[in-house]
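The values are calculated or read from the model by the stated rules, or taken from the named source; none is laboratory data. Worth saying up front: this structure is predicted, and the values here are computed from it rather than measured. Reconstructed Cβ throughout: ideal geometry from the backbone, glycine too, with neighbour counts over all protein chains shown.
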Amino acid sequence: DVPVPGKASTRFDLEKETELRFEVEAGEAAEQVDLELLTGMAEVFGSELNRNKKYTFGPGSKIAVFTWQGCSVNLYGKPEVAYVSKDTPMLLYLNTHAALEQMRKQAERDNERGPRVMVVGPTDVGKSTVCRLLLSYAVRVGRRPTLVELDVGQSGVSVPGTVSALCIERPADVEEGFSVQAPLVYHFGSTTPGTNIKLYNKLTSCLADVFSQRCEVNRKASVGGCIINTCGWVKGSGYQALVHCASAFEVDVVLVLDHERLYNELKRDLPHFVRVVLLPKSGGVVERSKECRRDTRDEKIREYFYGFRGVTFYPFSYEVRFSDVRIYKIGAPSIPDSCLPLGMSQDDTQLKLVPVTPGRDLTYHVLSVSSAEDGEEGARKGIVESPVCGFIVVTNVDTQAQVMKVLSPAPRPLPRHTLLIMDIRFMDMK
Ligand code: ATP
């Protein structure tokens, strides 16, 4: 128990099956809080803590240290709040994991596929946390599950405005979450599915197809199954998107967090063999304001370019000639049915590639670099369904010289020349 210089330390002795919840103050100037396990065993969202190691949590972190057997921990620094709770749904979450593990065992035995699980619920019920927990538990017993991230507002895998899939090979790092190597990422372009629900459903189907193909050639991936994290929009088209996702992935289990009506609706609308389970949310989940969500999104983009914690990236800034790239927006503004050309439906307009003429209003927009082969009109067809290979941000546009300056993780030239514009902007304050 070596004191951290200049930081007050507080010791907490936790009884078995209780958790210490703490929050670190938000804001640039806020002091980090360190956590150390002194005796016993404990975990943070499914990842085990090592004894006598200091874990550091930055501004805005909201953490729960749970113990099955009892433990004592130290916090160094001044958390905004820190309290011990005896009332947690962890036992129910562990039972859920145990049931999923049974399904994996059975799949192994019968040469079938493992459970495909969709986690749903309104905002701020801890969906992402439950996904992380179930994935970490699965990987700790030797499984290789896949995380499917459909939350376009708060993606845990890539920048906002994307949907993605990631094979999980080791438990989440206590401080940094899952290691994000080689995710499969698709461009959506905005932070809410409602801006283009057709595109959202299309991309969900793309992910489901790729995942199913992988399961056919990779037995471990097939048995591991997947955990799908969804958006908090559970009414109207948001609800329809959940039903679509359940059918595209052919999910076996739906975990509904803290929403009885949604639970009943899904029970009514999904095929009878889908197990729909209602789970309580943890009292520890912290509600996040609009500003807090916006800051998290900004931070995610900053991390993409500049790195995270110990790892610093040095992005590049260079000029791109308008004539060297083709920029598109996916989805034309909807027009009344009566004005549509003969034989065309609204669906077609929502998935249409609309060429964007570069102008000053491009400044600060995030652009996805499509992996689609460069080429003329013919190649346009597959762009919506092609994954992205990276992102750039437009930092300046010179219409006179017909060039734009971009921030890019890699030096020039761009690997591909088809760019997709997002509604999302990023102002580089560094
Ligand atoms: P949304 O869909 O609205 O983005 P969500 O339902 O996925 O949110 P989470 O991101 O899982 O919710 O959780 C919200 C916040 O609460 C996170 O910062 C998470 O670290 C924190 N949190 C979750 N569970 C606990 C807990 N038991 N104790 C303390 N903090 C927690």
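Conditions tested, residue by residue: (1) modelled with pLDDT of 90 or more; (2) closer than 30 Å to PRO59 by Cβ; (3) touching a Cys at 6+ places or on another chain (Cβ under 8 Å).
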{"position": "ASN264", "(1), (2), (3)": "yes, no, no"}
{"position": "HIS272", "(1), (2), (3)": "yes, no, no"}
{"position": "VAL286", "(1), (2), (3)": "no, yes, no"}
{"position": "ARG302", "(1), (2), (3)": "yes, yes, no"}
{"position": "PHE305", "(1), (2), (3)": "yes, yes, no"}
{"position": "TYR318", "(1), (2), (3)": "yes, no, no"}
{"position": "ASP337", "(1), (2), (3)": "no, no, no"}
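Looking at the range 119-167 only, could you name the residues that are outside any helix (DSSP H, G or I), of a type in the set (Val, Ile, Thr) and over 19 Å from LYS235 (Cα atoms)? Scanning the range 119-167 gives VAL141, THR146, VAL148, VAL157, VAL159, THR162, VAL163. Within the range 24-66, the set of residues being among the aliphatic types (A, V, I, L, M) and in a strand (DSSP E or B) comprises VAL33, LEU35, LEU37, LEU38, VAL44, ILE63, ALA64, VAL65. When you look at GLN102, is it exposed (fewer than 15 other Cβ atoms within 10 Å of the Cβ) and either under 17 Å from GLY284 (Cβ atoms) or touching a Gly at 6+ places or on another chain (Cβ under 9 Å) (or both), yes or no? So GLN102 fails the test. Go through the residues of the range 1-12 one by one and say whether even a single one is within 18 Å of ALA172 (Cβ to Cβ), over 27 Å from the mean Cα position of the chain (by Cα) and away from the ligand (no atom under 16 Å from the Cβ). No: the range 1-12 contains no residue that is within 18 Å of ALA172 (Cβ to Cβ), over 27 Å from the mean Cα position of the chain (by Cα) and away from the ligand (no atom under 16 Å from the Cβ). Residue by residue through the range 42-77, note down the ones that are farther than 22 Å from GLU287 by Cβ, of a type in the set (D, E, K, R) and surrounded by fewer than 21 Cβ atoms within 10 Å (Cβ to Cβ). Across the range 42-77, the qualifying residues are GLU48, ARG51, LYS53, LYS54. A count restricted to the range 28-50 and to residues that are more than 19 Å from TYR76 (Cβ to Cβ) and either away from the ligand (no atom under 13 Å from the Cβ) or of a type in the set (A, V, I, L, M) (or both) stands at 3. Can GLU265 be described as without any contact (Cβ under 8 Å) to a residue 60 or more places away in the chain and closer than 29 Å to THR88 by Cα? Considered against the rule, which asks whether it is without any contact (Cβ under 8 Å) to a residue 60 or more places away in the chain and closer than 29 Å to THR88 by Cα, GLU265 comes out as yes. Scan the range 228-257 for residues that are under 15 Å from PHE211 (Cα atoms), within 15 Å of the ligand (Cβ to nearest atom) and not aliphatic (A, V, I, L, M) and report the count. The qualifying residues number 2.
Restricting the search to strands (runs of 3 or more DSSP E) fully inside the range 221-310 and requiring at least 1 residues that are among the charged types (D, E, K, R) gives 275-279.
Do we find a residue being of a type in the set (A, V, I, L, M, F, W, C), under 30 Å from GLN402 (Cα atoms) and surrounded by 15 or more Cβ atoms within 10 Å (Cβ to Cβ) anywhere in the range 285-304? Yes; the residues of the range 285-304 include at least one that is of a type in the set (A, V, I, L, M, F, W, C), under 30 Å from GLN402 (Cα atoms) and surrounded by 15 or more Cβ atoms within 10 Å (Cβ to Cβ). Can we say VAL163 is within 16 Å of the ligand (Cβ to nearest atom) and farther than 24 Å from GLY58 by Cα? Judged against the criteria, VAL163 is a match.
Going through (1) surrounded by 22 or more Cβ atoms within 10 Å (Cβ to Cβ); (2) within 17 Å of LEU184 (Cβ to Cβ) one by one, CYS231 falls short only on (2). As a summary of the residue check, VAL210 satisfies the conditions (1) away from the ligand (no atom under 16 Å from the Cβ); (2) buried (at least 18 other Cβ atoms within 10 Å of the Cβ) except for the one numbered (2).
Answer yes or no as to whether ALA64 is within 18 Å of TYR137 (Cα to Cα) and within 13 Å of the ligand (Cβ to nearest atom). Before you say what the answer is, go through the steps one by one.
Working: within 18 Å of TYR137 (Cα to Cα): yes; within 13 Å of the ligand (Cβ to nearest atom): yes.
Criteria met by ALA64.
Picking from LYS105, LYS62, LYS127, LYS86, which residue would you name as being modelled with pLDDT of 95 or more, touching a strand residue (DSSP E or B) at 6+ places or on another chain (Cβ under 7 Å), of a type in the set (D, E, K, R) and over 30 Å from LEU199 (Cα atoms)?
Values: LYS105 fails: touching a strand residue (DSSP E or B) at 6+ places or on another chain (Cβ under 7 Å); LYS62 fails: modelled with pLDDT of 95 or more; LYS127 fails: over 30 Å from LEU199 (Cα atoms).
Step by step, each of LYS105, LYS62, LYS127, LYS86 is checked, and only LYS86 is modelled with pLDDT of 95 or more, touching a strand residue (DSSP E or B) at 6+ places or on another chain (Cβ under 7 Å), of a type in the set (D, E, K, R) and over 30 Å from LEU199 (Cα atoms).
Do we have ARG109 as free of Cβ contacts under 8 Å to residues at least 12 places away in the same chain and either under 23 Å from VAL243 (Cα atoms) or not in a loop (DSSP other than H, G, I, E, B) (or both) here? Yes; evaluated as a whole, the condition is true for this residue. Residues that are surrounded by fewer than 22 Cβ atoms within 10 Å (Cβ to Cβ) and either more than 16 Å from the ligand (Cβ to nearest atom) or farther than 26 Å from THR296 by Cα (or both) within the range 110-159 comprise ASP110, ASN111, GLU112, ARG113, VAL139, ARG140, VAL141, GLY142, ARG143, ARG144, listed in sequence order. Hey, any hits in the range 332-349 for a residue that's surrounded by 13 or more Cβ atoms within 10 Å (Cβ to Cβ) and within 26 Å of the chain's Cα centre (by Cα)? Scanning the range 332-349 turns up no residue that is surrounded by 13 or more Cβ atoms within 10 Å (Cβ to Cβ) and within 26 Å of the chain's Cα centre (by Cα).
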